[in-house]
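Undergrad: Provided herewith is a single structure, encoded as structure tokens, for subsequent inquiry.
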């Protein structure tokens, strides 16, 4: 029995086109009796299809509670005037809307129902805009990160006593400003990254008894006082001397600690005051730590990020001893080799996600991965994996290394982009029946390995970038039943026609390719009469580089002539020896 | 066959007599008739909807029958590969099949034919459908 089938069909029919909207829009001025979840579903669909315009907002005045317009540059005074009439608006997201300035905020002054306001990255908002926000007295969550508000404006925020969450990232918050915010005793979430606070300012954090989430990345703070309620702490890119040194009977039971890129004067001393029994997430990436013995005591770690750190095979033993509960381990861009995998194997029974991208492992590590029974996601991109090892003493006898991954029953996501695998070594991948996501990117893969992927029944996402895949190979491919996304970017032999016939035959599969983005751009320009113009910068080909197939420039006879001509470095000296086709190259129209 | 029908009454007092099976597409109506207790709806076999107008209720009854035809029947699914190769316009074909002792004549629309909803009634129909849990 299809739940809500008719409701869904009605919403679809109402948002089908601008004409359908016109037909029902005039029936009544406002929809008081529409239940909120229906209004929300209809509004989102209209927004997604770019059918919204300011006067249409009037209809939703009494039935919408949440409006999300982030990234829409067309939101201006007219839109805000209608939004100001919303009676029950609880959450308004205008992040990144370039049209929002101080005067536009006047429309929402005094809105009693508004509890959540996000105007981050609206660069025209200054201290004058804060005056309007101050009248919204019930505000509980406010995000003004990366606007042009200064310390003076932030001091004025102390009148919003109901604030629970305050995001002041990227603003020049001084210690004095934090001092005046001490009346916000309900504050649970405070984001001060990139601000001007110092150690004196950090002492003031003790005035917030409920503070659970604190972000002081990119500041000058070295020492953090004891904050008993803290659960999440981000001190990335700071130079840390001590955390939670100070008076107080209760040590905070910190659950997440992010110190990406931080430098430590003395790691053991810095962590000595930390109550690490509950620490479950630890991010040490890009940090300059050379001794990881402090990890030994951390028994509850679930996520550990050591990417781009100084981790090597000799330093990994402490990780192995704490890794019983570990679920996510990131060792990318480190100097670890197979020896580390040997040390970790058997000690990580709960490990689900392992990232070894850009590390120095090779095919011999794969057999140790089979001793990690719960692995679901493996990232082996940009490593030296070839898919085969050689028997001892006999350099010609290849032993395929990828079949051992069959032993991992829960393996779902495998990333082999940028490795040295070839068609023959990828053939055994057809045996990994549980695979859902597979990412491949290599200049040397061809139709053969593409067709091996048909035998993976559960595959949802297949990335096959940069390969030598022909149109014939694509059209004769029988995709697995559940395939949803096919990423073929960088397959330079595929033409627009080949891709569109594949898309026509299998409309449920989303194909990504440079020529496909051009197709979507054409279609969206045809529908361009809608009021909310799509942000065209998002339609540029990903990766930013255009590629042209040089062969199109020449006719068949010219190409045959070119194959028999001497190489160009010989001809460099004497232009008269160039084949006729190359001499004319500048006159050709661009492909 | 009279016991297998229910009567739906609109705001203006129009009475729609439809199969019980069709009415059960709506979760609300199904709950009304299957819940224990001696409700007047169950006894008399009729439900009044003082907030749903006549054209909307008519459309809803059409939806019930449409839903019965296409959302559950297995035979159109078997025939749909054949349907997809034929002309794209909506058509009706008659399929005769025998099931045990009966010889049944059934009408099937092509699987692609959607339930068309006029834009003017979408809002009211949406609210009524939400109330009826269909």
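Undergrad: Pop a pseudo-label 7 angstrom from the Cα along the beta-carbon direction at both residue A:56 and residue B:53 and give the gap in nm to one decimal.
TA: The answer from the label model is 2.3 nm.
Undergrad: Modelled label-to-label distance, residue A:36 and residue A:113, 7 Å Cα→beta-carbon offset: nm?
TA: Taking the simple label geometry, residue A:36 and residue A:113 are separated by 0.8 nm.
Undergrad: Here's a follow-up. Between residue A:87 and residue A:26, what is the FRET efficiency for a Förster distance of 22 Å, r being their Cβ-Cβ separation, to the nearest 0.05?
TA: Working: r = 22 Å, r/R0 = 0.99.
That gives a FRET efficiency of 0.50.
Undergrad: Determine the shape class of region A:8-91: with a ≥ b ≥ c the square roots of the Cα gyration tensor eigenvalues, call it rounded for a/c under 1.5, and otherwise prolate if a/b is greater than b/c, oblate otherwise. Walk me through the numbers on the way to the answer.
TA: On the way: a/c = 1.42, a/b = 1.21, b/c = 1.17.
Cα axes put region A:8-91 in the rounded bin.
Undergrad: Could you work out [θ]222 nm for chain A from helices alone, using -39500 (n - 2.57) per DSSP H run of at least four and dividing by all its residues? Round to the nearest 500 deg cm²/dmol.
TA: On the way: 20 runs with 140 residues, N = 591.
Here the helix-only value at 222 nm equals -6000 deg cm²/dmol.
Undergrad: Under a plain spin-label model, where a point goes 7 Å from the Cα along Cα-to-Cβ, how far apart in nm are residue A:409 and residue A:49?
TA: Rounded to a tenth, the inter-label distance reads 4.6 nm.
Undergrad: For chain A, give me the percentage of DSSP beta bridges that are antiparallel, rounded to the nearest 5 percent. Walk me through the intermediate numbers first.
TA: Numbers: 3 of 67 bridges.
Antiparallel bridges: around 5 percent, rounded to the nearest 5.
Undergrad: If I stretch the segment between residue A:70 and residue A:135 completely, what's the gain in nm (0.36 nm per residue apart, minus their alpha carbon distance), one decimal? Walk me through the intermediate numbers first.
TA: Details: separation 65, 0.36 × 65 = 23.40 nm, distance 2.26 nm.
My answer for the length gained is 21.1 nm.
Undergrad: Give the percent of DSSP beta bridges with both residues in region A:302-441 that are antiparallel, rounded to the nearest 5. Don't jump to the answer; show the numbers that get you there.
TA: On the way: 3 of 20 bridges.
Around 15 percent antiparallel, to the nearest 5.
Undergrad: Within region A:185-204, what residues put their amide N at less than 18 Å from the label point 7 Å along the Cα-to-Cβ vector of residue A:278?
TA: A:187-190
Undergrad: Once the piece of chain linking residue A:266 and residue A:468 is laid out straight, how much longer is it, given 0.36 nm per residue of separation minus the C-alpha distance between them?
TA: Details: separation 202, 0.36 × 202 = 72.72 nm, distance 5.19 nm.
Result: 67.5 nm gained on full extension.
Undergrad: Give me the percent of DSSP beta bridges within region A:375-503 that run antiparallel, rounded to the nearest 5. Working shown, then result.
TA: Numbers: 3 of 20 bridges.
Counting only bridges with both partners in region A:375-503, antiparallel ones make up about 15 percent.
Undergrad: Work out how much length residue A:560 to residue A:250 would gain on full extension: take 0.36 nm times their residue separation and subtract the Cα-Cα distance, in nm to one decimal.
TA: Working: separation 310, 0.36 × 310 = 111.60 nm, distance 8.17 nm.
Length difference between fully extended and current span is 103.4 nm.
Undergrad: To continue, here is another question. Over chain A, what is the mean sequence separation of C-alpha contacts under 8 Å (at least six apart), divided by residue count, expressed as relative contact order in percent?
TA: Working: 1310 pairs, mean separation 29.1, N = 591.
Answer for chain A is 5 percent.
Undergrad: Further question: Between the alpha-carbon centers of region A:25-66 and region A:385-463, tell me the distance in whole angstrom.
TA: 49 Å
Undergrad: For chain A, what does the alpha-carbon gyration tensor say about shape, rounded, prolate or oblate, given a ≥ b ≥ c as the root eigenvalues, a/c under 1.5 as rounded, and a/b over b/c as prolate? Mind dumping the intermediate values first?
TA: Details: a/c = 1.89, a/b = 1.19, b/c = 1.59.
Oblate is the answer for chain A, as a/c is 1.5 or above yet b/c matches or exceeds a/b.
Coordinate-derived values only; no laboratory data. From a predicted model like this one, the values you see are computed outputs, not experimental measurements. Because the Cβ atoms are built from the backbone with ideal geometry, glycine has one as well, and the counts that use them run over all protein chains shown.
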